[in-house]
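What follows is one structure encoded as structure tokens, with my remarks underneath.
Each value in this text was obtained by applying a stated rule to the coordinates, not by laboratory testing. No experiment lies behind these values; they were computed from the predicted model shown. Positions of Cβ are generated from backbone atoms using ideal geometry, with glycine treated the same way; all protein chains shown enter the neighbour counts.
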Amino acid sequence: MKAAPRTRASPASDLTGNDTGRSIRPVSTLTLAEMYARQGLRGRAREILQRLSAEGDREARRRLVEMGEGAQRQIELLDRLLARVRERRRGGS
């Protein structure tokens, strides 16, 4: 009995079309953004909604506003706290 001829496995680029020189856009749908948000991946959800919103999707814009500011306020607070800690370490009060 003859063994079946071996074939080389296709690299991932063959499956995505990257080897053709074309640029592949990331998948951006409201459903995907919703799935990310439900999984706690709010940053990824926000990126998708921002992309869709920039393309004129009103529903994406509405959901983006609904999500709120995201982590920006927390980041600003942490930056202020870090600055205070650094100042105290230098001897300031």
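A few comments on the model shown:
- Residues of segment 66-93 that are under 20 Å from E47 (Cα atoms) and over 17 Å from the mean Cα position of the chain (by Cα): E66, R73, Q74, I75, E76.
- Test result for I24, in contact with a Gly (Cβ under 7 Å, 6 or more places away or on another chain) and aliphatic (A, V, I, L, M): yes
- One residue stands out among those in segment 56-93 that are in contact (Cβ under 8 Å) with a residue 24 or more places away in the chain and not in a helix (DSSP H, G or I): the one that is nearest to P26 (Cα to Cα), which is D57.
- Applying the set (1) touching a Gly at 6+ places or on another chain (Cβ under 7 Å); (2) outside any helix (DSSP H, G or I) to R46 leaves exactly one unmet item: (2).
- The C-beta contact set for segment 22-39 (first residue free of Cβ contacts under 8 Å to residues at least 24 places away in the same chain and closer than 17 Å to G68 by Cβ, second residue assigned to a loop (DSSP other than H, G, I, E, B) and aromatic (F, W, Y), distance under 9 angstrom, 6+ apart or interchain) is empty.
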